[in-house]
Amino acid sequence: MGLPLSFEFFPPKTAEGATKLRAVREKLYAKRPEFCSVTYGAGGSTQDGTLQTVQAILDEGQSGASHFTCVGATRESVREKLALFQRMGLRRLVALRGDLPSGYGAMGEFRYAADLVQFIRAETGDHFHLEVAAYPEMHPQAKSPEADVDAYVAKVRAGANSAITQFFFNTDAYFRFVDDAYAKGADIPVVPGIMPIINASGILRFADSCGAEVPRWIRLRLQAYGDDVESIKAFGLDVVTDLCDQLRTAGVPGLHFYTMNQSEATLAICDRLGLG
Ligand code: FAD
């Protein structure tokens, strides 16, 4: 069997976006993903769109996963959502804390993702396969790398089945994280999250906001290409294909692609490596 792949989408904002995303999904299904997941807007912004997109994935005969954030939520609202997920026939969730939009005061009844994982297990037993987030380069709000590994270990102890990482370009950070977590007894699969480089400013901005490092040599080259979109795409494809190849050779349990609702770069990387 080949390396398991999974693809992440965000809910489209318009009918046109939904049609475009359907075509993107069709192309990516050719790679026989283990599952396709859909992000969830913490605090409520895109939750209906998430459910509609997950339902579409299920209706297309694929395995779907909903991301599910708990910041600002109450036990009762989470219970209702879990019942809805079960009625939809969903068996996999990505359980997260999420980030409230600034100015959003209420913290809700869940403080950390580990609390959500524990609550889902208490309410629904083993019904859901629960994924959690992992941060090889440390979550930006963590007190220290060790405290962040401990926070991750707490999610595993609470009942997570597997993890997906924040994107990264330093494989050493990933392997170190996995070693540290395993040493503390958290030995579930940690699937690298892969961010294809599609446009330079997008990835640099996104990396800054989520605490992922774009190495200086990559940053400098992306900046030097300026508006030369084709060169950025070609360079990005080389860099990310090499990254995936190194990870595959080292024996990672799968690859999770942040597709950004586009198929071209993800497909090109998979094709180059003969994945899927
Ligand atoms: P947690 O695991 O709760 O960690 C949050 C912070 O709290 C960390 O700094 C951690 O070290 C710290 N912490 C945890 N427990 C303790 C403790 N007991 N004591 C002290 N500190 C503690 N966001 C969305 O809004 N929607 C999405 O769909 C979404 N999908 C994502 C998918 C993946 C694969 C990843 C990696 C991230 C995703 N995010 C999403 C972003 C995520 O919500 C943010 O990174 C958020 O800030 C943290 O969520 P978490 O589940 O990792 O939180």
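The values are calculated or read from the model by the stated rules, or taken from the named source; none is laboratory data. Predicted model only: the values in this text are computed from it and were never measured. Heads up, the Cβs are rebuilt from the backbone with ideal geometry, glycines too, and the neighbour counts pull from every protein chain shown. Keep in mind that these areas ignore ligands, DNA and RNA; they rest on the heavy atoms of the full protein, side chains included. Shrake-Rupley method; radii C 1.70, N 1.55, O 1.52, S 1.80 Å.
Some points to look at:
- Heavy-atom accessible area per residue - the chain, 1.4 Å, Å²: 48
- Helix-only CD estimate at 222 nm, as mean residue ellipticity for the chain, using -39500 (n - 2.57) per DSSP H run (n ≥ 4): -15500 deg cm²/dmol
- Which listed pairs, of K20/K81; K27/K233; K27/K155; K31/K143; K143/K233; K13/K233, have C-alpha distances above 30 Å, in listed order: K27/K155; K31/K143; K143/K233
- Annotation: average projected area of the chain is 14.5 square nanometres, based on the convex hull of Cα atoms across all directions.
- When only alpha carbons are used to place a centre, segment 169-228 and segment 21-82 end up 24 Å from one another.
- Taking amide hydrogens as placed 1.01 Å from N in the peptide plane, the amide H of A73 sits under 5 Å from those of E109, F110, each at least 5 positions away in sequence or on another chain.
- Unit charges on C-beta of K, R, D, E only; dipole of the chain, Debye: 380
- For segment 213-261, alpha-carbon Rg and Dmax in angstrom: 12.7, 37
- Using Cβ point charges alone (K and R +1, D and E -1), the dipole size of segment 118-161 about the Cα centre works out to roughly 100 debye.
- Among A56, A134, T249 the positive-end extreme of the charge dipole of the chain (Cβ point charges): A56
- Comparing mean-square fluctuations of K27, K155, K13 from a GNM of the chain with C-alpha springs under 10 Å, the top value falls on K13.
- Solvent-accessible area, 1.4 Å probe, carbon plus sulfur percent, for the chain: 50
- Comparing M88, M195, M138 in a Gaussian network model of the chain where C-alpha atoms under 10 Å apart are linked, the largest mean-square fluctuation is found at M88.
- Under the span-like rule (Cα at least 27 Å along the axis, Kyte-Doolittle mean at least 0.0), DSSP H helices of the chain: 229-249
- Kirkwood Rh and Cα Rg combined as Rg/Rh, segment 82-173: 0.99
- With Rh defined as the Kirkwood radius, the inverse of the mean 1/r over Cα pairs, the Rg/Rh of segment 141-276 is 0.99.
- Among S144, S66, S162, the largest mean-square fluctuation in a Gaussian network model of the chain (Cα springs under 10 Å) belongs to S144.
- Extent along principal axes [Cα atoms of segment 9-102; Å; largest to smallest]: 38, 28, 18
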